[in-house]
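**Student:** Okay, handing you the structure first.
The values are calculated or read from the model by the stated rules, or taken from the named source; none is laboratory data. Since the structure is predicted, the reported quantities are computational estimates derived from the model, not experimental observations. All Cβ positions, even for glycine, are placed from backbone atoms using ideal geometry, and neighbour counts span all protein chains on display. These area figures cover heavy atoms from the full protein model, side chains too; ligands, DNA and RNA do not enter into them. Shrake-Rupley method; radii C 1.70, N 1.55, O 1.52, S 1.80 Å.
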Amino acid sequence: MRGSDTHVTDPTAGDRTTPGPSATAVRTEGLWKIYEQEPAPVEAVRDLSMEVRAGDFVAMAGPSGSGKTTLLNLLGGLTAPTRGRVWVAGRDLTELSGRELARLRLEHIGFVFQAYNLLPVLSAMENAEFTLLLRGLPTAERRERVRTLFREIGLDGLEDRRPGRLSGGQQQRVAVARAVVGEPALILADEPTANLDSATGDALLGVMERLNHERGVTFIFSTHDPRVMERAHRLVHLVDGRIESDVRPSGRGSTA
Amino acid sequence: MMARLRILARLSLRNTLRQARRSALTASAMVVGLALLTMARAIGDGAHEQWISDGVRLGLGHVTMEAPGFASTGSLDDRLDSARVAAAERAVAGLRASVPVVTSAVDLTVSGLASSPGSSLPVRVEGVEPGAEAAFSKLDERRVEGRYLEPSDRLAAYVGAGLADRLGLELGSRLVLTAQGASGGVAEQLVRVRGVFRTGIPDVDDGLVQIPIATARRWLGTPGAATSVAVLLRSSQETGRALDGLRARLGTGGGADGVTVLSWRQVSPELESAVRIDDFGFYAFMVVLFAIVALAVLNAVLMSVLNRRREFGVLEALGLTRGQTGAVVFGEGVLLAGLSGVLGVALGLATTWLLWRHGLDLSALYGQGISLSGAVIDPVIVPIFRPARVVEAAGFVVVIGILASLYPTRVATRIDVAEALKFDR
Ligand SMILES: Nc1ncnc2c1ncn2[C@@H]1O[C@H](COP(=O)(O)OP(=O)(O)O)[C@@H](O)[C@H]1O
Ligand SMILES: [Mg+2]
């Protein structure tokens, strides 16, 4: 739940309404993604309908090739569905223009990619503050937010390093910092801990949990890692682009 | 908005610097191209100016004033009478205040025959003012025997070496000139060879005789008359202004509207077309050069886009629009072209300046007597700086940078974001 007493209102963060207990963060309906290719088309996501409540902490598990990355890309508007619809913050992504989609991503969605995907010409600090800069936040505030976050996830003192001079774990932490620092309403993370040692993975998960708990940020992430699945409030199993099971392990993050 | 532009510019700049080696390579292609261009242009302009200057010295100056029909008939009937000659000379004197005039010369030219006791040949006889003509045509410097005409001469002649040979003339030989006089009758004039010249141009060496203008006037019965008043300017660039200035002065002054003012382009169209053809060749060269440079830039920017698809995918995932992503690429192309352009023009100017100080001696290339349009050309070329040419070159660079960046920009805006971001790519 979003702690409204500690929430700092970000005037540039778009129309983020305080969610009620049953507010919907993401919804899909009859979603298909078919990759046309030889010899046969690949159905990466098949007729998938689901709903994620605001403030939820959802893990998507499934074997490699089950469609996790494709689904996250569909939810973030990075890929257009072959059929079906996706709503994020009540808006139908399939009806938004490129410009509106870009704006929605900037103000509403944070991404963490499996491949880190930092910008190599920018320092760790510049990478982390990138979306804040695009949103026009003043320098002092940007730096302060990133420094606080860096301290928390053990990136202290690495602010000026470029990605080429950071370890994989450090890069992934910068990538997570970049996604969360603007406190978007929704964060989509593709195997965020897959390339990290368990201690670092735990620390990152801790940051994500805290944001979820304190700020009500909705998280949807894919994972292979049983320990990550254990900490999810809702666990969705994908097989061949379909939801095979969708459970809410008892006692965790129940919002009902 | 400003914040976004700043960060896009920062990305362009850092990316250009990151690919320092490729950027430097592309930039040097452009720099060398531009330097060559600036230099070639300055040398070309210098050579042309020389052709023109040499051409007009033996011809009728940058600007010439004559009677209306003379250009087509070349006949003594179409001459300037003394009143119009005086008006033309006043106009030149007035022009000096606003246009750099080197000198002017009054000529009375007719076609006729030159006869020695043995034979006779058709010639062009130029009645000239000895002092002024020497400064104008520099024909005195082509003397191989005797001396040039002097102001005190009366029955003296300065003849081409070829003509002297064929007529068996030597210094002091007597020579009879025959032409149709003003009255219509045939007039004869006896002169003595005082000097012989050789320009290397057959037409001139075999067919030109210069005599004092006073002698010519008496011979032809045309006191105070002239067929042309020619003006030599410091630079051919002044031709237009001189033309306008003289026309204005002749139009409003002394009522001498029977004077036609012509430029060297009209009097020597072959000289003009030689310059134009050479210019065309230059522009063709320039187009080829810039096509090569454009391809180099295109290749560099395109490769850098294709190698960085992941980064552009990230930019879009983070909330940049496709247009803004394209702007980063476009900025890189323009930056590359702009930097190279500045360096290229600077290098070109520096090289030209060095050449300008020392001159470019092409005598080894051309040998001694090159002739064009009846003029002997000096094989040492002095390049000419023209600010307009630098602006022209810089303009080309900007255009090239923009054109060469358009396609890579388009490619960057069409990247499949999800594909670009794949983990295992
Ligand atoms: N761009 C693409 N073109 C063709 N097939 C693709 C593309 N992206 C993914 N796929 C296929 O779609 C299926 C789902 O892939 P993905 O979403 O990456 O699964 P996961 O993330 O669960 O491993 C796989 O069979 C994969 O090969
Ligand atoms: Mg995947």
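**Student:** If you go through the range B:183-207, how many residues are surrounded by fewer than 17 Cβ atoms within 10 Å (Cβ to Cβ) and aliphatic (A, V, I, L, M)?
**Tutor:** Of the residues in the range B:183-207, 2 are surrounded by fewer than 17 Cβ atoms within 10 Å (Cβ to Cβ) and aliphatic (A, V, I, L, M).
**Student:** Another question about this same structure. Given the residues B:Gln237, B:Gln180, which is the only one that is open to solvent by 30 Å² or more (accessible area, probe 1.4 Å), among the polar types (S, T, N, Q) and in contact with a strand residue (DSSP E or B) (Cβ under 7 Å, 6 or more places away or on another chain)?
**Tutor:** Answer to the selection: B:Gln180.
**Student:** Also, quick follow-up: Test of understanding: among A:Val45, A:Val58, A:Val52, which residue is in contact with a His (Cβ under 8 Å, 6 or more places away or on another chain) and not in a loop (DSSP other than H, G, I, E, B)?
**Tutor:** Selected residue: A:Val58, the only one of A:Val45, A:Val58, A:Val52 that is in contact with a His (Cβ under 8 Å, 6 or more places away or on another chain) and not in a loop (DSSP other than H, G, I, E, B).
**Student:** Identify all residues within the range A:117-143 that are without any contact (Cβ under 8 Å) to a residue 12 or more places away in the chain and out of contact with any Lys or Arg (no Cβ under 7 Å at 6 or more places or on another chain); write none if there are none.
**Tutor:** Result: A:Glu126, A:Pro138, A:Thr139, A:Ala140, A:Glu141.
Okay, residues lined up against (1) open to solvent by 10 Å² or more (accessible area, probe 1.4 Å); (2) in contact (Cβ under 8 Å) with a residue 24 or more places away in the chain:
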site	(1), (2)
A:Arg162	yes, yes
A:Leu188	no, yes
A:Ala203	yes, yes
A:Arg210	yes, no
A:Glu230	yes, no
A:Leu235	yes, yes
A:Arg242	yes, yes
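**Student:** Counting residues that are away from ligand 1 (no atom under 16 Å from the Cβ), within 14 Å of chain B (Cβ to nearest Cβ) and at pLDDT 90 or above, which strands (runs of 3 or more DSSP E) fully inside the range A:174-256 reach at least 1?
**Tutor:** Filter on the range A:174-256 gives A:186-190.
**Student:** Hey, another quick one. Return only the number of the condition from (1) within 13 Å of chain B (Cβ to nearest Cβ); (2) within 30 Å of A:Val42 (Cα to Cα) that A:Arg83 does not satisfy.
**Tutor:** Result: A:Arg83 passes all but (1).
**Student:** Right, next: Please work out which residue is farthest from B:Thr413 (Cα to Cα), limiting yourself to the range A:94-103 and to residues that are within 9 Å of chain B (Cβ to nearest Cβ) and open to solvent by 20 Å² or more (accessible area, probe 1.4 Å).
**Tutor:** A:Arg103
**Student:** Picking from B:Leu302, B:Leu320, B:Leu315, B:Leu355, which residue would you name as being open to solvent by 20 Å² or more (accessible area, probe 1.4 Å), at pLDDT 80 or above and assigned by TED's automatic domain parsing to the domain that holds B:Ala24?
**Tutor:** Going through B:Leu302, B:Leu320, B:Leu315, B:Leu355 in turn, the sole match is B:Leu302.
**Student:** So how many residues does the range B:323-332 have that are open to solvent by less than 10 Å² (accessible area, probe 1.4 Å), at pLDDT 90 or above and within 11 Å of chain A (Cβ to nearest Cβ)?
**Tutor:** 1
**Student:** Residues of the range A:124-157 being in a loop (DSSP other than H, G, I, E, B) and open to solvent by less than 20 Å² (accessible area, probe 1.4 Å), which ones?
**Tutor:** Within the range A:124-157, A:Glu129, A:Leu137, A:Ile153, A:Leu155 qualify.
**Student:** Go through the residues of the range A:61-78 one by one and say whether even a single one is within 16 Å of ligand 2 (Cβ to nearest atom) and assigned to a strand (DSSP E or B).
**Tutor:** yes
**Student:** Could you check, for the range A:158-167, whether at least one of its residues is under 22 Å from B:Thr325 (Cβ atoms), within 14 Å of chain B (Cβ to nearest Cβ) and not in a helix (DSSP H, G or I)?
**Tutor:** yes
**Student:** A follow-up question, please. Residue by residue through the range B:81-120, note down the ones that are open to solvent by less than 40 Å² (accessible area, probe 1.4 Å) and within 21 Å of B:Gly172 (Cβ to Cβ).
**Tutor:** Residues satisfying the conditions are B:Ala114, B:Ser115, B:Ser116.
**Student:** Would it be correct to say that B:Leu335 is within 14 Å of chain A (Cβ to nearest Cβ), open to solvent by 40 Å² or more (accessible area, probe 1.4 Å), touching a helix residue (DSSP H, G or I) at 6+ places or on another chain (Cβ under 7 Å) and at pLDDT 65 or above?
**Tutor:** Yes; evaluated as a whole, the condition is true for this residue.
**Student:** Could you list all residues from the range B:406-424 that are more than 9 Å from ligand 1 (Cβ to nearest atom), among the hydrophobic types (A, V, I, L, M, F, W, C) and in a helix (DSSP H, G or I)?
**Tutor:** Within the range B:406-424, B:Leu406, B:Val411, B:Ala412, B:Val417, B:Ala420, B:Leu421 meet the criteria.
**Student:** State all residues of the range B:339-352 that are over 14 Å from B:Leu36 (Cβ atoms) and either buried (at least 17 other Cβ atoms within 10 Å of the Cβ) or not assigned by TED's automatic domain parsing to the domain that holds B:Ala35 (or both); if no residue qualifies, say none.
**Tutor:** Correct list: B:Leu339 only.
**Student:** Let me ask something additional. Has the range A:104-115 got at least one residue that is more than 9 Å from every other protein chain (Cβ to nearest Cβ) and either assigned to a loop (DSSP other than H, G, I, E, B) or open to solvent by 50 Å² or more (accessible area, probe 1.4 Å) (or both)?
**Tutor:** Within the range A:104-115, not a single residue is more than 9 Å from every other protein chain (Cβ to nearest Cβ) and either assigned to a loop (DSSP other than H, G, I, E, B) or open to solvent by 50 Å² or more (accessible area, probe 1.4 Å) (or both).
**Student:** Follow-up. Please verify whether B:Leu262 is away from chain A (no Cβ under 14 Å), more than 30 Å from B:Arg18 (Cα to Cα), open to solvent by less than 30 Å² (accessible area, probe 1.4 Å) and in a helix (DSSP H, G or I), treating the condition exactly as stated.
**Tutor:** no
**Student:** Name the residue that is farthest from ligand 1 (Cβ to nearest atom), counting only residues in the range A:36-93 that are open to solvent by 30 Å² or more (accessible area, probe 1.4 Å) and of a type in the set (Val, Ile, Thr).
**Tutor:** It comes out as A:Thr82.
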